[in-house]
Amino acid sequence: MKKILFLLSVSIILFSSCEGDQGPPGPQGEPGSIFVAETLEIDNVNFGVSNQFVERVFLDPNIGNDDVVLVYRLDRIDEGLEVWEPLPTGSVFFFNDTTGAVEGFLYYRFDFTIGDVDIILEFDVPDANLVGPEFTNNQKFRIVIIPSEQAQNLDIDLNDFNAVQSALNLEFN
């Protein structure tokens, strides 16, 4: 009886600690099934004194505390292709006086809560007239909200809108 118990114990230990070759990978999921990101496109944003140079976008539904929010600004059209710039802007715009000395700057940034995203035009210039309509009128932004559990698995350059759009299968109207 002792031999049977001993052999049974040894076989249980051997079989429970054995490892074999790793099996083949599972089937690829449907496109877009891994990452579920919310996207918003905001056209014709106008910054000015009346809105304190802030555009507030309300989110429905609210986002989670650990979700990732990305905001991009349409910088220009280059040979028919939209060029998107991540916020805070990759480019700080400097204003020079007649001698070429810098007398002010401007950039776009954003902040967010679980219920809204604020897109902010930040500037420091001696004369507000230096901030022309090319910076304040008819701006276009894209907001991407990535759930935290998916964001930790992303291995892409978040500054490259096209890479983000491709990886998350995002579509904008």
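Bear in mind that the values in this text are calculations on the coordinates, not laboratory data. Predicted model only: the values in this text are computed from it and were never measured. Don't worry about glycine lacking a Cβ; one is built from the backbone with ideal geometry, like all the others, and counts go over all protein chains shown.
Taking a ≥ b ≥ c as the square roots of the eigenvalues of the Cα gyration tensor of the stretch 57-111, is the shape rounded (a/c under 1.5), prolate (a/b larger than b/c) or oblate?
Here the stretch 57-111 falls in the oblate category.
Subtracting the Cα-Cα distance from 0.36 nm times the residue separation, let me have the gained length for ASN169 to GLU103 in nm, one decimal.
19.5 nm
At 7 Å along Cα-to-Cβ for each site, give me the label-to-label distance between ASN62 and LEU158 in nm.
Taking the simple label geometry, ASN62 and LEU158 are separated by 2.1 nm.
Assuming R0 = 22 Å, what is the FRET efficiency of GLU122 and PHE94, from their Cβ-Cβ distance, to the nearest 0.05?
Efficiency for this residue pair is about 0.95.
Using the alpha-carbon centroid of each, what span in Å lies between the stretch 46-81 and the stretch 108-156?
So the two Cα centres are separated by 4 Å.
Find how much the distance from GLN52 to ASP111 grows on full extension, using 0.36 nm per residue of separation minus their present alpha carbon separation; answer in nm with one decimal.
Numbers: separation 59, 0.36 × 59 = 21.24 nm, distance 1.47 nm.
The GLN52-ASP111 span can extend by a further 19.8 nm.
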